[in-house]
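Remarks on the structure that follows.
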Amino acid sequence: MSNQWIYLNGEYVTKQDAVVSVYDHGFLYGDGVFEGIRVYSGNIFKLDEHLSRLYDSAKSIMLNIPYTKEEFQDIIVETVRKNQLETAYIRVVVSRGPGDLGLDPNKCSEPRIVVIAEALALFPKELYERGVRLASVASRRNRADVLPPQVKSLNYLNNILVKMEANQAGVDEALMLNDQGYVTEGSADNVFIVKNGVIKTPPVYLGALEGITRNTIIDLAKQLGYEVQEQPFTRHDVYVADEVFLTGTAAEVIAVNEVDSRIINNRKPGKVTNHLLSEFRKLTTEDGVKVYDSKEKVQVS
Ligand code: PMP
């Protein structure tokens, strides 16, 4: 098998050589930002939106990315191309870089920029047919005025803690509430409910990441004629919803069949969920930044 090439500060290096310092504040303190992006058949989906979110996250924590968005886009495209990938997952990481053992980011020399592109192990088809189980967890979402959930930072402990609680409860994913008890999101996905034909998702200010898939689904649903409301709701609304689904780069649109032991839609993915998933998949084949010219052939080794 040929080498996997990883972009690291201006160079493409092998996986073994893709190393950063133990003094990097990304490692020491979770000081940095990241993105997870998907490539569908050689098209990078919503690359512009992911880059915008990356730059917004970086700006919010005063981390200066030393490239223009256009330069960064070229690096991401080249990383996918160099690895000859068609269907892939991309991880972009910008860390504060190596500093001393203190917290002060001013003592960090320069950011470390990493782009990893890997073949994507697709979620099994059965999972979309079966759906996933959720449990609401005791840990609450970071308050937006403490550590804004809109910043996709390397500090994911809040999300990891709720994932652990979901594991302990024996379910697939956590349902995170904010400090006031309103539903926010899952550990790594946004949540939607459908009631009487109306689609609802929590507004991001309650404490959710502004998911790219979330926004895509909101736009798509509106175009398809559904009413979409970004409104606060509670666990009760989730329990009595006609349908519940999660959205995310990895999961796309996936039905929820049970929440805190309340069965949703007889454990079957609902009509609206299935409709949105199929329309979303259509979009992923049409949209995106092309990695290869139409004449170019991917040589999969
Ligand atoms: N919420 C959180 C906390 C996440 O980590 C993710 C994954 N990036 C999402 C929601 C879904 O966002 P997106 O659709 O942009 O992948």
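Things to note:
- When you restrict to C-alpha pairs under 8 Å that are six or more residues apart and normalise by the size of the stretch 224-289, the relative contact order lands at 25 percent.
- Across Ala250, Ala121, Ala208, mean-square fluctuation computed from a Gaussian network of the chain (C-alpha pairs under 10 Å connected) peaks at Ala121.
- Fully extended contour minus Cα-Cα distance, from Gln16 to Asn196, at 0.36 nm per residue: 59.5 nm
- Cross-link reach list, aspartates and glutamates versus Lys15, counting only Cα pairs under 12 Å and skipping chain neighbours closer than eight places: Glu118
- Whether the stretch 1-77 is rounded, prolate or oblate, judged on the alpha carbon gyration tensor where a/c under 1.5 counts as rounded: oblate
- Listed by chain and number, the lysines whose C-alpha is less than 30 Å from the C-alpha of Lys268, apart from same-chain residues fewer than 8 away, are Lys46, Lys125, Lys163, Lys195, Lys200, Lys222, Lys282.
- Taking Asp24, Asp189, Asp145 as the candidate residues, the one with maximal mean-square fluctuation in a Gaussian network model of the chain, Cα springs under 10 Å, is Asp145.
- For the stretch 26-142: rounded, prolate or oblate by the Cα gyration tensor [a/c cutoff 1.5]: oblate
- With both labels modelled 7 Å from their Cα along Cα-to-Cβ, the Leu101 to Lys59 distance reads 3.7 nm.
- q = 0.09, 0.23 Å⁻¹, the stretch 178-301: log10 I(q)/I(0) [Debye, one scatterer per Cα]: -0.28, -1.45
- Apportionment of accessible area to carbon and sulfur, the stretch 152-291, percent (1.4 Å): 47 percent
- Anisotropy class of the chain from Cα gyration tensor, a/c 1.5 cut: oblate
- Excluding same-chain neighbours fewer than eight residues apart, the lysines reachable from Lys107 by a Cα-Cα span under 24 Å are Lys59, Lys152.
- Heavy-atom accessible area with a 1.4 Å probe sorts Met164, Met176, Met62, largest first, into Met62, Met164, Met176.
- Separation of alpha-carbon centers, the stretch 25-65 and the stretch 156-213, rounded to whole Å: 20 Å
- Antiparallel bridges, percent of DSSP beta bridges restricted to the chain (to nearest 5): 80 percent
- For Asn9 and Tyr292, the difference between the fully extended length at 0.36 nm per residue and the C-alpha to C-alpha distance is 99.5 nm.
- Each stretch of four or more DSSP H residues adds -39500 (n - 2.57); spread over every residue of the chain, this sum gives -8500 deg cm²/dmol at 222 nm.
The values are calculated or read from the model by the stated rules, or taken from the named source; none is laboratory data. Predicted model, so just to flag it, every value in this text is computed and none were measured. Here the Cβ is made from the backbone with ideal geometry for all residues, glycine too, and neighbour counts use every protein chain on show. Ligands, DNA and RNA are stripped out before the accessible areas are found, and what is left, the full protein with its side chains, is counted by its heavy atoms. Shrake-Rupley method; radii C 1.70, N 1.55, O 1.52, S 1.80 Å.
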